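Below is one structure, written out as structure tokens; the observations come after it.
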Amino acid sequence: MKDRECLALCVRDGRLSLLDQSRLPHRQDWFAVDDVNTLIAAIHALQTRGAPMIAIAAALLVAVRVEAGDDHAAVGEAIARLRAARPTAVNLMHAMDALARALEDDDWRTAVVETAEALFDDDRALCDAMAEHGAALISSGERILTHCNTGGLATAGIGTALGVIRRAHEQDKNISVWVDETRPLLQGGRLTAWELATLGIDYRLITDSMAASFMAAGEVDRVLVGADRIAANGDFANKIGTYSLAVLAQYHDIPFGVVAPRTSVDAGCARGADIPIEQRAAAEVRGVTGAAGELAWAPADAAVANPAFDVTPAALIDHWILDSGVFDRLEVEAGVFQFGGAAVING
Ligand code: MRU
């Protein structure tokens, strides 16, 4: 396997390492991932995260295992276990299905490694295509609100929603960004703020509850978010809090766009209500955990609900910004996801 590197993942001399995203921004610790158990634990702990990134890390680990000499049955078992590691994001499932098909090849070792490499390379190209299409929508001086982290940390390339923002910045559009901190795990406050600062893009960090009043004050021109899975009818699942932003954006007449590659589209999933939503640990809501340790403020036994994602219905979305272009509601209602580029992945 050839060496490969992006912001939060590195393959060098046949070994996979990941940037520990649970420690950012205060620490930049890399850790080696040599086996399936380590990667599944890292996915559960959000040490690696973002729908495309999880898929690529899993695919490259399978390739590493193949090159380490694992037999056909062991590789098949690794693919099946990784496929189930995070239930909402569909990218992981598409990637593992592609590897399972490669495993049927007579020369399966070569086929699996080449498929994993192609998934990495494709993701970078998909990010660039989304960025081009999305940036064309953005006017000079826009103030864009985003949620969670959808940048280089979440993909092999420049990102989805954050990739669009980055491209608009590179085009000198003088944009600025409202960054939702994104409770409970604070991907906005920890990761997006770090990425934007690194890129030199003007931003202001806000708590999630502030979005409504900045919209009412006329200080938000557009909302751009990523997706963990887009259903065939255009509904999509993304980080908890996305749905409330879409409701707010519609009320305030602010364009709301979802930015995602074809690997996030699940044409076999009819509507958002069919997307499984991952439920996470109570401790994430009772307090916070980070590089500085744990701080819990709620009663230790406080009853908690903690769905990691919510579903935004198509009726609230103005733009679906995919690698194949920008689609509006009429096009989505006409079934663009059924016969767009996404069909290649889902077929
Ligand atoms: O739980 P996370 O941090 O993996 O959630 C990430 C998101 O919700 C992103 O918006 C989504 O994966 C798309 S990122 C390109």
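Only the coordinates and a few stated rules stand behind these numbers; no lab work does. Quantities reported herein were computed from a predicted structural model and do not represent experimental measurements. All Cβ positions, even for glycine, are placed from backbone atoms using ideal geometry, and neighbour counts span all protein chains on display.
Would you mind telling me which residue in A68, A51, A59 has the biggest mean-square fluctuation in a Gaussian network model of the chain, where springs connect alpha carbons within a distance under 10 angstrom?
A68
With springs only between Cα atoms under 10 Å apart, run a GNM on the chain and tell me which of G50, G218, G272 wobbles the most.
G218
At a threshold of 8 angstrom on Cα-Cα distance, excluding pairs fewer than six apart, so keeping six or more, what relative contact order does segment 32-118 reach in percent? Please list the in-between numbers first.
Details: 91 pairs, mean separation 29.8, N = 87.
Reported as a whole number, the value is 34 percent.
Using the Kirkwood radius built from alpha carbon pairs, what does the Stokes-Einstein equation give as D for the chain at 10 °C and 1.306 mPa s, in µm² per second? Provide the component values of the computation, followed by the final result.
Numbers: Rh = 20.2 Å.
The diffusion coefficient I find is 79 µm²/s.
Which three numbers, in whole Å and largest first, are the semi-axes of the equivalent ellipsoid of segment 4-127 derived from its Cα gyration tensor as √(5λ)?
Value: 22, 14, 14 Å, ordered largest first.
Any idea what diffusion coefficient segment 101-208 gets from Stokes-Einstein, in µm²/s, Kirkwood Rh on alpha carbon pairs, 4 °C, 1.567 mPa s?
Details: Rh = 15.0 Å.
Value of D from the Cα-based Kirkwood radius: 87 µm²/s.
Taking other Cβ within 10 Å of each residue's Cβ, how do Y203, Y251 sort, fewest first? Could you put the intermediate results ahead of the total?
Working: Y203 21, Y251 12.
So the ranking, lowest neighbour count to highest, is Y251, Y203.
Based on other C-beta atoms within 10 Å, arrange M53, M210, M1 from fewest to most.
Starting with the residue having the fewest Cβ neighbours, the order is M210, M1, M53.
I want the local charge near N238. Using Cβ-Cβ distances under 11 Å, sum +1 for each Lys or Arg and -1 for each Asp or Glu among the other residues. Let's see the in-between values first.
On the way: positive: R229, K239; negative: D228, D235, D310.
Computed value for this residue: -1.
Compactness ratio of segment 128-285: Cα Rg over 2.2 N^0.38 Å, N = residue count? Numbers along the way, then the final one.
Numbers: Rg = 14.9 Å, N = 158, 2.2 N^0.38 = 15.1 Å.
This ratio for segment 128-285 stands at 0.99.
Please compute the contact order of the chain in relative form: average sequence separation of alpha-carbon pairs under 8 Å and at least six residues apart, divided by the residue count, as a percent. Intermediate values should be presented prior to the final figure.
Working: 732 pairs, mean separation 55.5, N = 347.
The normalised contact order for the chain reaches 16 percent.
Report the charge-dipole magnitude of segment 4-127 in Debye, nearest 20, computed about the Cα centre from +1 at each Lys and Arg Cβ and -1 at each Asp and Glu Cβ. Don't skip to the end; give the middle numbers.
Numbers: 13 positive and 20 negative charges, 145 e Å.
Dipole magnitude for segment 4-127 comes out near 700 debye.
Which of D123, D274, D328, D228 comes first, and how do the rest follow, when ranked by fewest Cβ neighbours within 10 Å? Spell out each step's value before the answer.
On the way: D123 24, D274 15, D328 12, D228 30.
Final ranking by Cβ density, sparse to dense: D328, D274, D123, D228.
How much length is gained if the chain between D34 and R81 is pulled fully straight, taking 0.36 nm per residue apart and subtracting their Cα-Cα distance, in nm to one decimal?
Numbers: separation 47, 0.36 × 47 = 16.92 nm, distance 1.49 nm.
Length gained, D34 through R81: 15.4 nm.
With only alpha-carbon pairs counted, each pair once and no self-pairs, how large is the Kirkwood hydrodynamic radius of segment 115-170 in angstroms?
Here the Kirkwood hydrodynamic radius works out to 11.5 Å.
Express in whole angstrom the spacing between the alpha-carbon centres of segment 225-276 and segment 71-128.
24 Å
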